[in-house]
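Novice: Dropping the structure in here first, questions after.
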Ligand code: XMP
């Protein structure tokens, strides 16, 4: 695939746009796109592929915010399944965050490399609890704890529904090795699929000549690979997941644990990314972990973007104060209107470092505007909150029976207090409590599954590409980025009313 590379016209526009008065003070509701001659017969085939970092692409250029009311394991899994990426928040202990990363990495893959096992001798009651805890329906049984030698397979179908069998042993019910279909570890997914179909089985354990367990292939995972060609996956077929690490305190220890858990991309996210704190953090992470994918921010100016580029980051997170849970602009006056920030940072670094536009999206059209003005991907917080996959409970108003969930800025007093539950370090607690809040908590309507929202965004982005007269997001960006004003119409108050008031 040919991605948008800096060309002469791009570099000209990069130097031109920073101080262009046309961009000053501008944000999403200030423009419409002039419709272009449509090229595609079907919008279904429009590719939205875009770069997340220097090395990772997404089929849906959407990233869920690393906020404790937006992204835990469940949201990250849903994001990757739909072609985006979830960034697991860090307002929790290192162990808990690493566990969430590991959960996403284990959730789907072509081959489960370290399947959950229990030893012969386990009771059915223990096996049932184990299956529930790990959300699995089949357990490999090994000859003894930690032996790694396959003795059999216990699936939910093997457990009798009637009678009290809770204290009986798994070996009485499992399919023993001699009756199991197994295979040597070096099998292609296509061959595994054929065996699963021919033998009408759900699971194929992979073992060597001494029956040592090397992996497990399940029909659920094989089906998933077929049904989700857009899912964001690593080279081994596991879902991609990002993780926030911060820039102070335990961030080196946290990075080590998250790397071990399998995180694919690390986010150093601080309110003021254009700072010495960021520089020290990036240098420390690079010297300890080398070239791991690092997305850093937040910045909102050309100088901030150049600073990030100089640090050698793999993606720049752009946005100071546009977020729905943010009070930064109200409390400090610091900030840059979000579309101006996206354009200004892109004008500084072009396509040399991908830009993640972070915050301020209220409508799907805002995502498209961000992408054609400079962003490669867009981070969403409130737009994805209120969903089943976002952490937190659904609250029902007893009077109106309307359902809601909580969405909160990560520096809101509520988020800060909760993040300190797991922390032992007295100095960190005092410093966090003494820092005035720049975030707030709000209630948002309950919206059901995030899958529906992502499906809608995909559809609207494809339509927008079609109105832009192109067959892919990349082509639309290549055409529009050198001079967006050729394609954008600034709005007057009355045209804004005509466009958005309904
Ligand atoms: P949206 O508009 O998508 O924004 O809800 C999500 C982004 O908001 C940022 N964020 C904060 N900004 N104070 C801030 O100034 C906060 O407490 C805060 N919490 C989150 C963050 O960049 C997120 O992705």
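Novice: Quick one: Cα centre-to-centre distance for region 372-413 and region 120-176, in angstrom?
Specialist: Computed from Cα coordinates, the inter-centre distance equals 39 Å.
Novice: Still on this structure, I have one more. Is the C-alpha gyration tensor of the chain telling us rounded, prolate or oblate? Criteria: a/c under 1.5 is rounded; beyond that, a/b larger than b/c is prolate, otherwise oblate.
Specialist: prolate
Novice: For the Cα atoms of the chain, what angle does the longest principal axis make with the long axis of helix 302-311, in degrees from 0 to 90, nearest 10?
Specialist: 40 degrees
Novice: Run the quick spin-label model on residue 190 and residue 45: label points 7 Å from Cα toward the beta carbon, then report their separation in nm to one decimal.
Specialist: 2.4 nm
Novice: Using a ≥ b ≥ c from the Cα gyration tensor of region 169-235 (square roots of the eigenvalues), is it rounded, prolate or oblate, where a/c under 1.5 gives rounded and otherwise the larger of a/b and b/c decides, a/b for prolate?
Specialist: Working: a/c = 2.05, a/b = 1.74, b/c = 1.18.
In terms of gyration-tensor shape, prolate.
Novice: Still on this structure: Given a cut-off of under 8 Å on Cα pairs at least six residues apart, what relative contact order in percent is computed for the chain?
Specialist: 23 percent
Novice: If R0 is 30 Å, what FRET efficiency do you get for residue 20 and residue 288 from their C-beta distance, rounded to 0.05?
Specialist: The pair residue 20/residue 288 has a calculated efficiency of 0.15.
Novice: Compute the distance in nm between two label points, each set 7 Å from the Cα along the Cα-to-Cβ direction, one at residue 129 and one at residue 449.
Specialist: For the pair residue 129/residue 449, the computed spacing is 3.2 nm.
Novice: Take residue 210 and residue 431, extend 7 Å from each Cα along the Cα→Cβ direction, and tell me the distance between the two endpoints in nm.
Specialist: Output for this residue pair reads 5.0 nm.
Novice: Subtract the Cα-Cα distance of residue 501 and residue 226 from 0.36 nm times their separation in residues, and report this length gain in nm to one decimal.
Specialist: Residue separation times 0.36 nm, minus the Cα-Cα distance, leaves 94.7 nm.
Novice: Per the helix-only calculation at 222 nm, which mean residue ellipticity applies to the chain, given -39500 (n - 2.57) for every DSSP H run of n ≥ 4 and division by its residues, nearest 500 deg cm²/dmol?
Specialist: -10500 deg cm²/dmol
Novice: Any idea what angle helix 8-17 forms with the longest principal axis of the chain, computed on alpha-carbon atoms, 0 to 90 degrees, nearest 10?
Specialist: Between helix and principal axis, roughly 70 degrees.
Novice: While we're looking at this one, here's another question. Estimate the FRET efficiency between residue 116 and residue 253 by the formula 1/(1 + (r/R0)^6), using the beta-carbon distance for r and 22 Å for R0, to the nearest 0.05. List each step's numbers first, then the result.
Specialist: Numbers: r = 27 Å, r/R0 = 1.22.
Here the calculated transfer efficiency is 0.25.
Novice: Given all pairs of different Cα atoms, what value in angstroms does the Kirkwood hydrodynamic radius of region 207-271 take?
Specialist: Radius from the Kirkwood sum: 14.7 Å.
Novice: Please compute the Kirkwood hydrodynamic radius over region 117-227, one decimal place, Å, based on all pairs of different Cα atoms.
Specialist: Computed over region 117-227, the radius equals 14.5 Å.
Novice: Counting alpha carbon pairs within less than 8 Å and at least 6 residues apart, what relative contact order, in whole percent, applies to region 117-227?
Specialist: The value is 22 percent.
Any read-out appearing in this document is the output of simple, stated calculations on the displayed coordinates, not a laboratory observation. Everything numeric in this text was worked out from a predicted model, so none of it was measured. Because the Cβ atoms are built from the backbone with ideal geometry, glycine has one as well, and the counts that use them run over all protein chains shown.
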